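Right, one structure below, let's go through it.
The values are calculated or read from the model by the stated rules, or taken from the named source; none is laboratory data. Source: prediction; values computed, not measured. All Cβ positions, even for glycine, are placed from backbone atoms using ideal geometry, and neighbour counts span all protein chains on display. Note: areas computed on protein heavy atoms with side chains; ligands, DNA, RNA excluded. Shrake-Rupley method; radii C 1.70, N 1.55, O 1.52, S 1.80 Å.
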Amino acid sequence: MEKFYLTTPIYYVNDVPHIGHAYTTILADVIKRYKQLRGFRVFFLTGTDEHGQKIERSAAKQGLTPKQLSDAMVEHFQKLWATLRIEYDAFIRTTDDIHVRGVQKIFSRVMEKGDIYLGDYSGHYCISCENFIPDSVEETPEGKRTCPDCGRPTDNRVGEKCYFFRLSAYGDRLLKFFEENPEFVTPRSRMNEVVSFVKMGLRDLSVTRSTVKWGVPVPGDPGQTVYVWFDALSNYITAIDFLDEGERFREFWPADLHIMAKDILKYHAVYWPAFLMAAGLPLPRKELIHGWWLKDERKMSKSSGNVLDPHILLKHFSPDAIRYFLMREASIGADGNFSHEGFINRVNTDLTNDWANLVSRTTGMIEKYFANSFQGGGLYTEKEKEIAAGYRRLEKAVLELFDQYQFNRGLEMIFEYVNRLNRYIVETQPWNLAKDEANRPHLAGVLKTLCRAIASVNTLLSPILTDTSATVRLIFASPDPGLGWKELPEEFSIGQGTQLFPRVDSKAFFAEAEASPTRAAAATSAKGATMQETRIPDANIPPQAAAAAPSAESHAVSQAGTAATEGLIEITDFRKVQMIVAKVLAAEKVEKADKLLKLQVDTGSDTRTLVAGIALYYKPEELVGRRIIIVKNLKPAKLRGILSQGMILAASDADNRPYIPILPEETPIGAILK
RNA sequence: GGCGGCGUAGCUCAGUCGGUAGAGCAGACGGCUCAUAUCCGUUAUGUCGGGGGUUCAAUUCCCUCCGCCGCUACCA
């Protein structure tokens, strides 16, 4: 029996589980059950990431130890997984002893090999981001540096020593591996992203922190703790007894499938394989990258308050309905869109009207015409044979799709067949056959064919519809849970039919959903399932209000949309942009950059650095002493390693040549433009 | 700015290695009554993002423009 080892990311416990976590984990569970159906010996791992300063702090805030906080959060996750019928084989916590010691073992091994070295780093460090400031970030006149990620000034030199992983040495080996295993990352577009990332060159990675106490101590150097990725990614092997390289490890490693959302691709597809190469371990076979769930076309986020809490769905829908919707509605790789209308529609149409109703009308007729028990044989025509043949064709096609994790397309085909069965009932008209005693054998043949078809289809649905498939199996007394056309005997009885999927009344649902204050309880960031959320040092989550999604206001306006108001903004929108007068104190060209000028400006309230792409047209000395207009509240961004805290306003012609408005000498510095 | 992808019925999407397009949902009409007012059949609509080119013929190939998404950058 072939083995199959699959994993979800371990979820960071700074937040309660949201729909993104649920999606990843349900997907994993569906794959597990499907693989079992195909005869694999499956091991399914999930868990939680519990280390880091963030946990340390929020625990302190609540008067708890980090472990106590983690324990409470872990309970949330495990409860939800149980409710959603997730059957994992192991739940790893990074605070587990087996993990801590396992990480230390890998660390030591890589260090002995020489790929982890003690760096003599004496630069700046940002405490809040737990990150080093690269040397390319220049010092301010006061000897401070600004963190490129959060914009906070810092002159901390706490990280004078830390350990680095020699990632730079693995670029070629990674590229070779990608070339030989083009299917390593699925879908292909994600593989391409990884390849181009590696081709741009890799820098060594700091893998420890002396500032973080809540973590795995570095062996032989307890002042240092192992940092995020080295700690977290290792769970995939520590959980299966890497520590003593026990039977489970020897049996299941390498993993056959790592599942994750797109935001942690780089860490899994670049760092993780490199770590494993360094440790001399085989690499995982495949990584499946899925998209995020959008809510009504918009990204879910705490700030938008549109995060979807699985618990609210569970109040109205069965776990099967939720599992079905998530698997049916999004194709792997693309972002899925979640709307309550779409959800209700999908569940009512497919599950209630088509599938449950098919079961219901079949059981109803068997009860009515045969008192739930078939005695004697049946008459079978070409049509009945075609139903069986149709199932065999269906199963072949569906297995091919499921093998590629294309559950949405497989389910689509299954429901085409369900429709075929409903049509078959109309074509054969059992209620008319029942009127004439002479037709009894044919009537029996029709209904028994339906039983066999339903029992067969039910198996295909069983990885997704865990509860109802068990019920259906009971009703039709089909003992064999395996695949294939179910050859039920000629004489058998069925159980009492039940209502598999109660119809959800959308009006009632919305009335209730509007009334319940969804936001408060479960406000969380709802990227897909992310291993680390805020532990990702350079996660680059795009700012919410920025280009991607229209703001609520502008959306509403365009919806209301007469032509006259199209594209117009409210005065409140305008006021969000703080434009002020600033004086240029100093200007210089940025090294190794043709177009960039670095400016020091006085904003009236502070002195800050701006970088502007104007070097082709303005000389530094032209600008010094001038009063210009800047956007003060623009999110800082690093350009060429320099943090730009704002933006110069300039007119721009068709060739992108800038024309900077220069204000009169007497304009007060810091004056607001409005 | 670079690389990649996308833009097809009111909605969600499939598809065409060139011969003017489909599936589900929503809509309209009809049929059945076994079933959770469910099921089955018939059916309207699309200048297949705009423009140009190659061709007997383009939605499908090429160019260009517009819009959107992803990664990335000396956009901020």
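Considering only residues that are within 43 Å of the chain's Cα centre (by Cα) and of a type in the set (D, E, K, R), which ones fall in segment A:423-468?
If the condition is that a residue be within 43 Å of the chain's Cα centre (by Cα) and of a type in the set (D, E, K, R), then A:Arg423, A:Arg452, A:Asp467 are the ones that fit.
Taking segment A:580-612, which residues are of a type in the set (Gly, Ala, Ser), within 9 Å of RNA strand B (Cβ to nearest atom) and in a strand (DSSP E or B)?
Within segment A:580-612, A:Ala612 is the sole residue that qualifies.
If A:Arg420 satisfies every condition in (1) open to solvent by 70 Å² or more (accessible area, probe 1.4 Å); (2) under 50 Å from the mean Cα position of the chain (by Cα) but one, which is the exception?
For A:Arg420, the failing item is (1).
Looking at (1) touching a helix residue (DSSP H, G or I) at 6+ places or on another chain (Cβ under 6 Å); (2) surrounded by 21 or more Cβ atoms within 10 Å (Cβ to Cβ), which one does A:Phe77 not meet, given that it meets all the others?
Here A:Phe77 clears every test but (1).
So A:Pro9 fits all but one of (1) surrounded by fewer than 24 Cβ atoms within 10 Å (Cβ to Cβ); (2) part of a strand (DSSP E or B); what number is the exception?
Every listed condition holds for A:Pro9 apart from (1).
When you check A:Pro219 against the structure, is it modelled with pLDDT of 90 or more and either touching a strand residue (DSSP E or B) at 6+ places or on another chain (Cβ under 6 Å) or closer than 21 Å to A:Tyr11 by Cα (or both), yes or no?
no
Where the second residue is open to solvent by 60 Å² or more (accessible area, probe 1.4 Å) and the first is among the charged types (D, E, K, R) and lies in segment A:45-70, which pairs have Cβ atoms under 6 Å and are six or more apart or on separate chains?
Between residues of segment A:45-70 that are among the charged types (D, E, K, R) and residues that are open to solvent by 60 Å² or more (accessible area, probe 1.4 Å), the close pairs are A:Lys54/A:Thr534.
Please identify the pairs in which a residue from segment A:211-228 that is within 8 Å of A:His51 (Cβ to Cβ) has its Cβ atom under 9 Å from the Cβ atom of a residue that is among the aliphatic types (A, V, I, L, M) and in a strand (DSSP E or B), counting only partners at least 6 apart or on another chain.
A:Gly215/A:Val226; A:Val216/A:Val226; A:Thr225/A:Val216; A:Thr225/A:Val218
Can you tell me which residues in segment A:85-108 are part of a helix (DSSP H, G or I) and of a type in the set (Asp, Glu)?
A:Asp97 - this is the single residue of segment A:85-108 that is part of a helix (DSSP H, G or I) and of a type in the set (Asp, Glu).
I want to confirm something. Restricting to segment A:498-512 and keeping residues that are open to solvent by less than 30 Å² (accessible area, probe 1.4 Å) and at pLDDT below 85, which single residue is farthest from A:Phe325 (Cα to Cα)?
Filtering segment A:498-512 for residues that are open to solvent by less than 30 Å² (accessible area, probe 1.4 Å) and at pLDDT below 85, the one farthest from A:Phe325 (Cα to Cα) comes out as A:Phe509.
Go through (1) within 20 Å of A:Thr459 (Cβ to Cβ); (2) at pLDDT 90 or above; (3) more than 13 Å from RNA strand B (Cβ to nearest atom) and name the single condition A:Glu400 misses.
Against the list (1) within 20 Å of A:Thr459 (Cβ to Cβ); (2) at pLDDT 90 or above; (3) more than 13 Å from RNA strand B (Cβ to nearest atom), A:Glu400 comes up short only on (2).
Consider only pairs whose beta carbons are under 7 Å apart and that are at least six residues apart or on different chains; among these, list those whose first residue lies in segment A:423-439 and is among the β-branched types (Val, Ile, Thr) and whose second residue is assigned to a helix (DSSP H, G or I) and within 10 Å of RNA strand B (Cβ to nearest atom).
Close Cβ pairs satisfying both conditions: A:Ile425/A:Arg361.
Please find, among A:Ala434, A:Ala453, A:Ala444, the residue that is open to solvent by 20 Å² or more (accessible area, probe 1.4 Å) and among the hydrophobic types (A, V, I, L, M, F, W, C).
Values: A:Ala453 fails: open to solvent by 20 Å² or more (accessible area, probe 1.4 Å); A:Ala444 fails: open to solvent by 20 Å² or more (accessible area, probe 1.4 Å).
Going through A:Ala434, A:Ala453, A:Ala444 in turn, just one is open to solvent by 20 Å² or more (accessible area, probe 1.4 Å) and among the hydrophobic types (A, V, I, L, M, F, W, C): A:Ala434.
If you go through segment A:613-640 one residue at a time, how many are assigned to a loop (DSSP other than H, G, I, E, B) and aliphatic (A, V, I, L, M)?
Counting residues in segment A:613-640 that are assigned to a loop (DSSP other than H, G, I, E, B) and aliphatic (A, V, I, L, M) gives 5.
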